[in-house]
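Novice: Below is one structure. I have some questions about it.
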Amino acid sequence: LQVEDNIENLCLACTELYQALSEGNMLGRRFKRSVLLKTLYKLVDIDSDLLSLKLAKIILSMKVDGKNLLGVCKLAFKICRNEKNDYLIQNDRLLDCLLEVLRSEDLHKTNEALLYCMGAIKFMSGNAVLLNEMVNKGAIKILLQSMKEINNIKENDTYFSNSGHLLVQLTATLRNLADLPPARCQLLCNGAVSELSVALEQRMNDKDICTYIVRIFSKLSSYDDFCAALADCSRCYVLFLALLNKHQKQQDLVVRIIFILGNLTEKNNEAREQLFKEKGSVNTLISLFQTYHELDLNAQKWHHERGGKEKNHPKYPSEAEDVLIKLIRVLANLSVHPSVGAALATAHRVVKLLITVLEYKSVDDCEELVINAATTINNLSYYKVESSAVQDKKLHIAEMLSKLLMSNNMDGVVEAVRVFGNLSQYHEICDFIMQKKIYKFMIALLDAKNQDVCFSACGVLLNLTVDKNKRAILMEEGGIGKLVDCLRDFGPSDWQLACLICKTLWNYSENITSAASCFGEDMDTLLVLLTSLLGEIHNLG
């Protein structure tokens, strides 16, 4: 090693040296190493990544400390920074050495060395093979233990700032690991939720750390087990709201936090209640809504001023639209909870913003945004509470939804019909439906051969036929025949829909003198169907 200058021979000598030290049980601090280390460090400046890799492995395996440790960690960082070296690293055991440094070294004494060590590991985590190797070698447990040590450093400690740089590299590595199914299990079992939450709270002012942790939560909250663990962390709601208030215009951070809140509240009633009850939660959501609505309006205005020369309507949502889509999803989830939904139904600012979306966006502009807004209005229209903002604005909502009803988007049509199903319990809306001839559209939808569509359309027709003066509409457009067809097609398998159809026909025929004149040519088919359905009930009994 002292006299050779051929790189290939030097690499071979390093391989033989490592094997000899290993076989002789001489790795670590088991002999006087000064001459050997001096020889090895003289070779570090040679421009060969393969040689540097072999030198780093030997030096790290000898458990050096102080300046020697810092020097070799810098060397490892330099090797790993170049992704062209990934193949070389895969065939050596550098990862083991770096994980051992991370596991055993004192955070306070070797902060700078650990920063380079962690940086090298972070670069490794960008490679799929090395990433899997990390999971298999217990890297997650070591990383979370390091995070725990960092979290124990108080803000007034001189090491607090420096340890933040280390935490950036650490959380970036965990974000890469979060993509792997075995890693998700290890993160959950090793208390990642708790440690990440503590780090998030302590480093609220560090956007990089916040972004990486939020990206981890965003990825993992898509899985039920992790989502449940996060929902059980009572502090998470306060933290997410605080982050939203602090970084309101940082779209990349905001969109992920809103996505997490959407996942938390999708299936969990306790999470819905807890988020809603956090101080200022609704105000924070409204403020975000206004901010990103204005950004979206400005973008739309800019597009029109340029004559719409670019793509007319990109198929993907803009950044502002993406936030609004996910934000409205949170409101839709919250509104499913009985007491929360009832309270939101009276929140005039929330309802006003939802209506605004329907006013300035068409389903062709941004399908998901418009449909989410209609879904939320539908959820809120369910609540018959005093001071309901939906009830106050019901005619305006009906006008906006009639545009959606006439669109070519079937999902949008179904959502609009559902809202009309709730709102048609009010006389003014029934009159609006008659005036605008929307009832004809409802009858036409009975031909859709889709249970959900038929159910919603039939709900509107049922409410219309409560009024004796409106029952004659079923004689138009073949309404009776279409209801009978729906009963035949879906009745035997969908008792709720069958019940709606029968109630509608009951209303229609309430004061008849002749079944034949009432139901006409559909009478015989209807009698056979009703007899058959009664027979099924009898058999079930």
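The values are calculated or read from the model by the stated rules, or taken from the named source; none is laboratory data. This structure is a prediction, so every number in the text was calculated from the model and none was measured. With ideal geometry, Cβ positions are generated from the backbone for all residues, glycine too; neighbour counts draw on all protein chains shown. SASA here: full protein model, heavy atoms, side chains in, ligands and nucleic acids out. Shrake-Rupley method; radii C 1.70, N 1.55, O 1.52, S 1.80 Å.
Novice: Any idea which residue in the range 255-272 is modelled with the lowest pLDDT, counting only those that are open to solvent by 60 Å² or more (accessible area, probe 1.4 Å) and of a type in the set (D, E, K, R)? Talk me through it step by step, then tell me what you get.
Specialist: Here is the first cut: in the range 255-272, the ones open to solvent by 60 Å² or more (accessible area, probe 1.4 Å) are 256, 266-267, 269-270.
So of that shortlist, the ones also of a type in the set (D, E, K, R) come out as 256, 266-267, 270.
Working: Arg256: 97, Glu266: 94, Lys267: 89, Glu270: 94.
Filtering first and then ranking leaves Lys267.
Novice: Condition first: outside any loop (DSSP other than H, G, I, E, B) and surrounded by fewer than 17 Cβ atoms within 10 Å (Cβ to Cβ). Can you find one or more residues in the range 453-465 that meet it? If you could, list the steps in order and put the result at the bottom.
Specialist: First pass over the range 453-465, keeping only residues outside any loop (DSSP other than H, G, I, E, B): 453-464.
Going one step further and asking which of them are surrounded by fewer than 17 Cβ atoms within 10 Å (Cβ to Cβ), we end up with none.
Within the range 453-465, not a single residue is outside any loop (DSSP other than H, G, I, E, B) and surrounded by fewer than 17 Cβ atoms within 10 Å (Cβ to Cβ).
Novice: So, of the residues in the range 71-93 that are modelled with pLDDT under 90 and among the aliphatic types (A, V, I, L, M), which turns out to be most open to solvent (accessible area, probe 1.4 Å)?
Specialist: Per the stated criteria, the residue is Leu88.
Novice: Can you pull out every residue in the range 53-70 that is buried (at least 17 other Cβ atoms within 10 Å of the Cβ) and either assigned to a helix (DSSP H, G or I) or of a type in the set (Ser, Thr, Tyr) (or both)? Talk me through it step by step, then tell me what you get.
Specialist: Residues of the range 53-70 buried (at least 17 other Cβ atoms within 10 Å of the Cβ): 53-64, 68-70.
Across the range 53-70, the qualifying residues are Leu53, Lys54, Leu55, Ala56, Lys57, Ile58, Ile59, Leu60, Ser61, Asn68, Leu69, Leu70.
Novice: Looking for whichever is at pLDDT 95 or above, closer than 21 Å to Val351 by Cα and out of contact with any Asp or Glu (no Cβ under 6 Å at 6 or more places or on another chain) here; the options are Leu285, Leu297. Which one fits? Break it down into steps so the answer makes sense when it comes.
Specialist: Numbers: Leu297 fails: at pLDDT 95 or above.
After ruling out the rest, the residue left standing is Leu285.
Novice: If I filter the range 466-486 down to residues being part of a helix (DSSP H, G or I) and in contact (Cβ under 8 Å) with a residue 40 or more places away in the chain, which single residue comes out as farthest from Gly412 (Cα to Cα)?
Specialist: Restricting attention to the range 466-486, the residues satisfying the condition of being part of a helix (DSSP H, G or I) are 468-486.
Next, from what is left, pick out any that are in contact (Cβ under 8 Å) with a residue 40 or more places away in the chain: 468, 470, 480-481, 484, 486.
Numbers: Lys468: 30, Lys470: 26, Ile480: 26, Gly481: 26, Val484: 26, Cys486: 21 Å.
Looking at residues that are part of a helix (DSSP H, G or I) and in contact (Cβ under 8 Å) with a residue 40 or more places away in the chain, I get Lys468.
Novice: With (1) more than 18 Å from Val323 (Cα to Cα); (2) surrounded by fewer than 22 Cβ atoms within 10 Å (Cβ to Cβ); (3) at pLDDT 95 or above as the list, and Asp224 as the residue in question, which single condition is left unmet?
Specialist: Of the numbered conditions (1) more than 18 Å from Val323 (Cα to Cα); (2) surrounded by fewer than 22 Cβ atoms within 10 Å (Cβ to Cβ); (3) at pLDDT 95 or above, the odd one out for Asp224 is (3).
Novice: Working only within the range 196-221, note down all residues that are charged (D, E, K, R) and open to solvent by 30 Å² or more (accessible area, probe 1.4 Å).
Specialist: Glu201, Asp206, Lys207, Asp208, Arg215, Lys219
Novice: Still on this model: Quick one: which residue in Arg184, Arg215 is charged (D, E, K, R), in a helix (DSSP H, G or I) and modelled with pLDDT of 95 or more?
Specialist: Only one candidate passes the filter, namely Arg215.
Novice: Additional query: Here are some residues: Asp431, Asp411. Which one is open to solvent by 40 Å² or more (accessible area, probe 1.4 Å), in a helix (DSSP H, G or I) and without any contact (Cβ under 8 Å) to a residue 12 or more places away in the chain? Can you show your working first?
Specialist: On the way: Asp411 fails: without any contact (Cβ under 8 Å) to a residue 12 or more places away in the chain.
Going through Asp431, Asp411 in turn, the sole match is Asp431.
Novice: With (1) in a loop (DSSP other than H, G, I, E, B); (2) open to solvent by less than 20 Å² (accessible area, probe 1.4 Å); (3) hydrophobic (A, V, I, L, M, F, W, C) as the list, and Val385 as the residue in question, which single condition is left unmet?
Specialist: (2)
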